[in-house]
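The values are calculated or read from the model by the stated rules, or taken from the named source; none is laboratory data. Keep in mind it's a predicted model, so treat the numbers as computed, not measured. Positions of Cβ are generated from backbone atoms using ideal geometry, with glycine treated the same way; all protein chains shown enter the neighbour counts. Each accessible area value is taken on the protein alone, full model and side chains, heavy atoms only, with ligands, DNA and RNA left out. Shrake-Rupley method; radii C 1.70, N 1.55, O 1.52, S 1.80 Å.
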Amino acid sequence: MTVHVLPHSLSSQTGKATARGRGQARAIILDVVDRLLCERGAETLSMELVAQEAGIVRRTVYNHFGSTGELFRISRKRLLAAIAPLAPNEVPVDIPPVAALTIFARRAIQLFTDPRQIELMLSIVRDGRSHPWLAAAYDREIQTPMRSALERYFSIARRAGLFDHDPRRASYQLLWTLDAAAMSLSIFQEADASRALDEHGERRVRAFVMQHYGREEAQFFGPGDARRVG
């Protein structure tokens with residue numbers, strides 16, 4: 001019996017080409033799933049539909065993914081991972097409250113108005129009952145870091161005697177206010193988006209500071225205060 005052995009270099013190249021082909025097929029499938037989930041709910045997703053939209057046979061989809069549930073989970077985790085870095089997780093402590101919280105607010109509103117964030121929220125509303133882990137993951141990776149940052153900031157101010165409200169309640173209130181501001185931004189055209197972000201964020205922050213600190217240019221804690229209470 002004659003055994004034909006590929007030269008090592010050719011065998012290696014063939015293996016790399018196969019791996020590259022598998023990787024490309026997987027990427028195409030996931031891109032199709034992302035698009036389908038953006039357009040419709042998870043309950044309409046099927047392996048047959050994904051294969052048809054990707055221009056491949058259904059068996060190829062099954063070679064990479066075991067079920068539509070797995071496809072949904074991977075797609076939504078990728079979306080969550082893309083927007084998680086946009087969530088602000090700190091507030092400057094060495095500048096006045098309006099300036100410090102406006103920096104935080106602008107980043108928060110940018111996150112809340114990002115199309116990927118909006119898509120993820122729609123997915124939570126649409127598919128949350130059958131995939132409850134998604135809302136929990138969103139709270140853990142997006143909402144909790146933002147609330148914690150605000151709560152730490154207000155706690156420092158409270159220990160310094162400059163803030164006499166409950167830090168946890170105040171952090172929830174400000175985030176809700178910024179989320180509402182982001183919703184109202186949907187009426188602006190793209191050309192006005194940057195200016196609108198600044199105006200809405202600062203306006204909401206000034207109203208918040210007036211309510212909680214007593215006056216707009218309220219007492220504030222600088223580096224010395226932060227060291228004393230940190």
Could you work out how much longer the chain between residue 126 and residue 158 gets when fully extended? Use 0.36 nm per residue separation minus the Cα distance between them, nm to one decimal.
7.5 nm
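Figure the gain on full extension for residue 46 and residue 82 (residue separation times 0.36 nm, minus the Cα-Cα span) and round it to one decimal in nm. Show your work: numbers first, answer last.
On the way: separation 36, 0.36 × 36 = 12.96 nm, distance 2.45 nm.
The residue 46-residue 82 span can extend by a further 10.5 nm.
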Area accessible to solvent at residue 165, 1.4 Å probe radius, in Å²
60
In nm, give the distance between the simple-model label positions of residue 95 and residue 57, each being 7 Å from the Cα along the Cα-to-Cβ direction.
6.1
In sequence order, what are the phi-derived ³J(HN,Hα) couplings for the range 108-114 according to the Karplus relation 6.51 cos²θ - 1.76 cosθ + 1.60 with θ = phi - 60°, rounded to whole Hz, with x for glycine and proline?
5, 5, 4, 5, 5, 9, 5
Distance in nm between pseudo-label sites at residue 206 and residue 180 (7 Å out along the Cβ direction from Cα)
1.8
With a cap of 15 neighbouring Cβ atoms within 10 Å, and only residues DSSP puts in a loop, list the trypsin sites (Lys or Arg not before Pro) found in the range 43-77.
none
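At a Förster distance of 25 Å, what's the computed FRET efficiency of residue 166 paired with residue 136, Cβ-Cβ distance as r, to 0.05? Don't jump to the answer; show the numbers that get you there.
Numbers: r = 25 Å, r/R0 = 0.99.
So the FRET efficiency works out to roughly 0.50.
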